[in-house]
Each structure stands twice: as C-alpha cells, then as structure tokens.
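Notes to accompany the following structure.
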Amino acid sequence: MITLDLRGEVCPFTFVKTKVKLEELKPGELLEVILDHEPAVRDVPRSVEAEGHEVLSVEKISDKEWRIVIRKR
Amino acid sequence: MLTDEQIKRYARQIIMPEIGVKGQLKLLESSVLVVGAGGLGSPAIQYLAGAGVGRIGIVDGDEVDISNLQRQTIHAGNLGMNKAESAKTFVEKLNPDVKVDVYPFNLTPENAREIIRKYDVVLDCTDNFVARFLINDACVIEEVSFVHAAVLRFEGELMTIVPKESACYRCVFKHAPPPGTVPTCQEAGVVGATVGVLGTLQAIEAIKLLLGIGEPLVNRMLHVDLLTMDFTELKLRKDPECPVCSGRVKEIIPEKYVESCQL
Ligand SMILES: [Zn+2]
C-alpha cells in the first residue's frame with residue numbers, strides 16, 4: 001500500500017494532494033493517507049467519494065493524527 | 001508530472017473533476033494566440049496565464065497610452081511600451097510557468113497564417129472588422145479554433161468558431177460593413193468592466209476548447225447588454241455559400257474597409 005503523509009497540510013491542499021496521488025495509481029490500488037488537520041478528516045473522504053473512489057476506513061491513530069484508506073476507482 | 005509548487009498554484013483547478021491533474025498538465029502543454037492586447041486581450045491574457053496555459057502568443061503593434069489604462073489594466077506602469085512586450089512583463093510576474101511569444105506588430109494577410117498555425121486556439125481581441133475577417137479567414141484555412149468578441153458601449157458579442165464544424169464569422173457577417181455605418185468605439189465609448197466581461201468569457205471559452213469540456217459557444221452568438229443585464233443567444237447556421245468554409249477560398253480574402261479605432 002502506498003502512503004501519503006499529509007501531516008502539516010491544511011485544506012484544500014489535503015484533498016488536492018490526495019487527488020494528485022490517486023491519479024498516479026492504478027484502478028483498485030490502495031492509498032493510505034495520514035492527516036493531522038481535523039477538518040480534512042471529514043472533507044477528504046467526502047471529496048474522494050464524490051470522485052468515485054472508495055473510502056475503506058477512517059481511524060484516529062493518535063491524539064491529533066488520522067489514517068484514511070482509499071481504494072482507487 | 002506537476003511539481004509541488006504547481007500543485008499549490010493550480011490547487012483550485014486540480015480540485016475540479018473537469019480539470020484534475022490531467023487537465024492541468026494539458027493546459028501546461030497548450031498554446032493560445034491572443035490577437036490584440038487591449039481591452040479584451042488584457043483580461044484574457046491575465047486569466048489564461050493564471051490558469052497555466054503553457055504558451056501564450058501576443059500580437060499587438062500599439063504602444064501603451066494613458067487613455068488605455070481605464071480598461072487595459074495589465075499595462076499598469078508601462079506607458080509608451082509596446083503592448084505585447086508590456087503584457088509579457090505582466091505574465092512573467094504572475095506565472096513563470098507560461099512562455100510568452102511576443103509579436104510587436106499587427107497581424108496582416110501576409111503574416112497571419114504562419115503565426116496562427118503555431119497555436120491550439122486563437123482569441124480575436126481586436127477592435128476592427130478588417131482584423132476580424134483576417135483572423136476568421138486565416139483560422140478557418142489553418143483549421144485553428146478561435147473565439148471572437150466585440151464590444152460597444154455597454155454591449156458585447158461573443159462567438160466561438162471551430163473550423164469545419166461550425167458557422168464562421170464570415171458565414172454570419174459576409175463582409176465588413178461600409179465605412180460610416182457602424183460607430184467606431186472612439187465615437188461610442190466603452191466602460192472598462194464591459195470589455196473585462198467579454199475578454200474573460202473569451203478566456204473561459206479557450207480553456208474549454210483546450211480541455212474539451214463543456215459546451216463551447218459554437219453555432220451560437222451570445223449578445224450581452226450589461227446596462228439591462230440581458231444575455232441573449234442567437235442560433236447560427238453554417239452558410240453553404242460561405243467562400244471560406246466551403247473551402248473554395250484557399251487564401252485570405254482582403255477587406256478593403258479601413259478603420260482607425262483603438263479599443
Ligand atoms: Zn463560413
């Protein structure tokens with residue numbers, strides 16, 4: 001699985017960088033995104049789903065960090 | 001591949017499903033020729049450069065005059081400079097991703113085809129009928145899509161021409177009107193914001209054509225009256241007798257009508 005470390009990034013760059021990375025992947029491949037910008041934890045999955053990708057999980061991994069797993073459409 | 005800086009610069013475009021990374025890369029590889037860096041050309045150049053159109057050609061033989069600045073805002077601080085050169089300095093400050101080709105002279109029947117064929121899309125940002133017919137004929141013969149716009153007082157018109165597929169400017173207007181029948185903008189005047197609207201619409205049409213998205217304004221003419229805010233659309237049809245579209249004419253048809261109008 002490919003990991004995208006977006007700690008330190010804020011909206012809209014959290015989604016933009018996720019989108020850029022997804023465009024590099026092949027359909028079906030998984031992408032793990034690590035975030036520390038709380039609004040993005042809601043917004044990134046929503047925006048990614050709007051583009052047709054599948055959000056497999058969203059989990060809190062520490063006090064201020066989250067992990068999202070996406071399957072490219 | 002986009003650099004980190006480009007991802008930030010174009011974030012608002014990459015976000016959109018119609019553009020994305022693919023569309024952005026396409027814009028960066030595209031080219032647009034803007035004929036006239038005046039009232040229509042200024043906003044068009046500004047937004048094309050901002051969007052990251054990789055190469056912009058600018059044709060203008062005039063110099064920046066103080067009477068231009070009311071609407072040609074990209075020339076701020078460049079009084080006396082050639083307008084194509086002046087526009088280049090603006091683009092360089094705004095976006096270093098854009099390469100600018102400067103043509104510091106007017107388009108003529110002799111040079112038009114050779115210049116136009118180097119670009120993906122052409123914007124007709126000129127202010128007179130001779131130039132409009134010249135751009136039309138050269139673009140149709142070279143099969144380069146172009147976007148026409150014209151402004152008078154608070155009104156404007158816009159039309160996109162995709163050679164072979166759509167009605168061309170000559171299908172609609174045939175020939176330049178005889179002198180004296182149409183007021184020149186020196187007689188009529190214009191508000192800067194009006195040319196700003198039309199030039200901005202030209203930039204959006206160019207972006208749509210380059211990306212192959214949406215519905216370009218082909219076989220249609222948009223007429224806007226900004227005093228009443230009426231936007232009306234006329235349906236246009238290709239004229240089977242049009243000498244240019246029919247392919248009968250392989251060379252530019254010279255228009256004898258001479259004007260002296262600086263929009
Ligand atoms: Zn025609």
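The values are calculated or read from the model by the stated rules, or taken from the named source; none is laboratory data. Because the structure is a prediction, the values reported are computed rather than measured. Counting neighbours? That spans all protein chains shown, and the Cβs are built from the backbone with ideal geometry, glycine included. Side chains included, ligands, DNA and RNA excluded: accessible areas come from the protein's heavy atoms. Shrake-Rupley method; radii C 1.70, N 1.55, O 1.52, S 1.80 Å.
Counting only DSSP beta bridges with both residues in the protein assembly as shown, the antiparallel share comes to about 55 percent.
Between B:ASN78, B:ASN219, B:ASN111, the GNM of chain B built on Cα springs shorter than 10 angstrom shows B:ASN111 fluctuating the most. Each of B:GLU63 and B:ALA188 was given a label point 7 Å from its Cα along the Cα-to-Cβ line. The distance between the two points is 2.9 nm.
Rounded to the nearest 10 degrees, the inclination of helix A:13-24 to the longest alpha-carbon principal axis of chain A is 30 degrees. Alpha-carbon geometry of region A:2-71: the Rg and the Dmax are 10.7, 32 Å, given in that order.
Working note: 222 nm ellipticity from helices only, DSSP H runs with n ≥ 4, each -39,500 (n - 2.57), summed and divided by the residues of the protein assembly as shown, gives -10000 deg cm²/dmol to the nearest 500. Here the Karplus curve 6.51 cos²θ - 1.76 cosθ + 1.60, taken at θ = phi - 60°, turns the phi angles of region A:61-73 into couplings of 10, 7, 3, 10, 10, 10, 10, 10, 10, 10, 9, 5, 5 Hz, with x standing for Gly and Pro. How big is the A-B contact in terms of buried accessible area, both chains counted, 1.4 Å probe, rounded to the nearest 100 Å²? So the buried area, both faces added, is about 1000 Å².
Considering only beta bridges that DSSP places wholly inside region A:2-71, some 75 percent are antiparallel.
Just checking the listed ones, B:LYS174, B:LYS250, B:LYS93: in the Gaussian network model of chain B with Cα springs under 10 Å, the one fluctuating most is B:LYS93. Relative to the longest principal axis of the Cα atoms of chain A, the long axis of helix A:38-50 lies at roughly 10 degrees.
Remark: chain B carries 45 Å² of accessible area per residue (probe radius 1.4 Å; ligands, DNA and RNA excluded).
Computed over neighbours whose Cβ is under 12 Å from that of B:VAL34, the net charge equals 0, Lys and Arg +1, Asp and Glu -1.
Here the translational diffusion coefficient of region B:129-254 follows from Stokes-Einstein with Rh set to the Kirkwood radius across Cα pairs; for 37 °C and 0.692 mPa s it amounts to 215 µm²/s. Counting only protein heavy atoms and using a 1.4 Å probe, the accessible area of B:LEU79 comes to about 100 Å².
Note on B:ARG248 and A:ARG73: their simple-model spin labels are 5.0 nm apart, each label 7 Å out from Cα toward Cβ.
When the other protein chains are added to the chain by itself, burial of at least 20 square angstrom of heavy-atom accessible area (probe 1.4 Å, ligands and nucleic acids ignored) affects these residues of region A:1-41: A:PRO12, A:PHE13, A:PHE15, A:VAL16, A:LYS17, A:LYS19, A:VAL20, A:GLU23, A:GLU24. The modelled label-to-label distance between B:HIS175 and A:ASP63, using points 7 Å beyond Cα along the C-beta direction, is 8.3 nm.
Free of any GluC sites (Glu not before Pro) that DSSP assigns to a loop and that have at most 14 other C-beta atoms within 10 Å, the longest stretch within chain B is B:30-109.
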